[in-house]
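**Student:** First the structure, which I've put down as structure tokens, then a few questions once you've had a look.
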Amino acid sequence: MKDKQIHFNCPVEASLSLIGGKYKPLILWHLIDQPLHYMELQRLIPNATPKMLSSQLHDLEDCGMIHREVIPEKPTIYSLTPFGKSVIPILDALCQWGKNYLDGLDVKSPCCSN
């Protein structure tokens, strides 16, 4: 994480500063099982523009949640760091909460297979 003093009014605000963002939770969710190339993430999150996806990846890398491995002449690979893995229980709970919500609407979603 960058060496700057940040003041938060509550822990939720601090948490959202790390994982809040239109696609950050989805990026983290898709990286739970395996490292992925940029284009794999783009395919899994089709509504994210390349600029937005790159920005969100950069933010997650800056705060230490993901690792970006650049291999010459191969696609860049993204993976969760140990700090990034610490958010998995929260993402699992968020998925279950969303699944319960969708079940109440009688909507089936295939995405919560983790």
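**Student:** Tell me what the chain gives for mean residue ellipticity at 222 nm when only DSSP H runs of n ≥ 4 count, each as -39,500 (n - 2.57), the sum divided by the residue total, rounded to 500 deg cm²/dmol.
**Tutor:** Only helices count here, giving -14500 deg cm²/dmol.
**Student:** Could you compute how fast the range 52-114 diffuses translationally, taking Rh as the Kirkwood radius over C-alpha pairs and applying Stokes-Einstein at 4 °C with viscosity 1.567 mPa s? Give it in µm² per second.
**Tutor:** 94 µm²/s
**Student:** Could you report the chain's accessible area per residue, 1.4 Å probe, as an integer in Å²?
**Tutor:** 70 Å²
**Student:** Next question, about the same structure. Rank 68, 43 by accessible area, highest first, at a 1.4 Å probe radius?
**Tutor:** Working: 68 100, 43 165 Å².
Ranking 68, 43 by accessible area, largest first, yields 43, 68.
**Student:** Let me ask you something else. With each label point set 7 Å from Cα along the Cα-Cβ vector, what nm distance links residue 69 and residue 43?
**Tutor:** Each label point is offset 7 Å from its Cα along the Cβ direction, giving 1.9 nm.
**Student:** Can I ask one more? For residue 58, tell me the accessible area in Å² from a 1.4 Å probe, rounded to the nearest 10.
**Tutor:** That residue has around 90 Å² of solvent-accessible surface.
**Student:** Sticking with this structure for a sec: Measuring from a point 7 Å past the Cα of residue 108 along Cα-to-C-beta, which residues in the range 42-58 have an amide N at less than 12 Å?
**Tutor:** none
**Student:** Gain in length, residue 83 to residue 100, computed as 0.36 nm per residue apart minus the alpha-carbon separation, to one decimal in nm?
**Tutor:** The span from residue 83 to residue 100 would gain 3.4 nm if fully extended.
**Student:** Ignoring ligands and nucleic acids, what accessible area does residue 49 show with a 1.4 Å probe (Å², nearest 10)?
**Tutor:** 80 Å²
**Student:** Order 51, 24, 99, 74 by their accessible area, 1.4 angstrom probe, all chains in place, largest first.
**Tutor:** 51, 74, 99, 24
**Student:** Sticking with this one: Would you mind telling me the share, in percent, of accessible area of the chain contributed by carbon and sulfur at probe 1.4 angstrom?
**Tutor:** Answer for the chain is 59 percent, counting heavy atoms of protein chains only.
**Student:** Let me ask something else. Mind ranking 39, 65 by accessible surface for me, highest first, 1.4 Å probe?
**Tutor:** Result, largest first: 39, 65.
**Student:** Under the √(5λ) rule applied to the eigenvalues of the Cα gyration tensor, what semi-axes describe the equivalent ellipsoid of the chain? Give them in Å, descending.
**Tutor:** Calculated on Cα positions only, the semi-axes equal 24, 21, 12 Å.
**Student:** On a C-alpha basis, how far is the centre of the range 57-114 from the centre of the range 16-50 in Å? Whole number, if you could?
**Tutor:** 6 Å
**Student:** What accessible area, in Å² to the nearest ten, does a 1.4 Å probe give for residue 94?
**Tutor:** 100 Å²
The values are calculated or read from the model by the stated rules, or taken from the named source; none is laboratory data. Note that the structure is a prediction, hence the values are computed from the model and not measured. Heads up, the Cβs are rebuilt from the backbone with ideal geometry, glycines too, and the neighbour counts pull from every protein chain shown. Heavy atoms of the whole protein, side chains included, go into the accessibility calculation; ligands, DNA and RNA do not. Shrake-Rupley method; radii C 1.70, N 1.55, O 1.52, S 1.80 Å.
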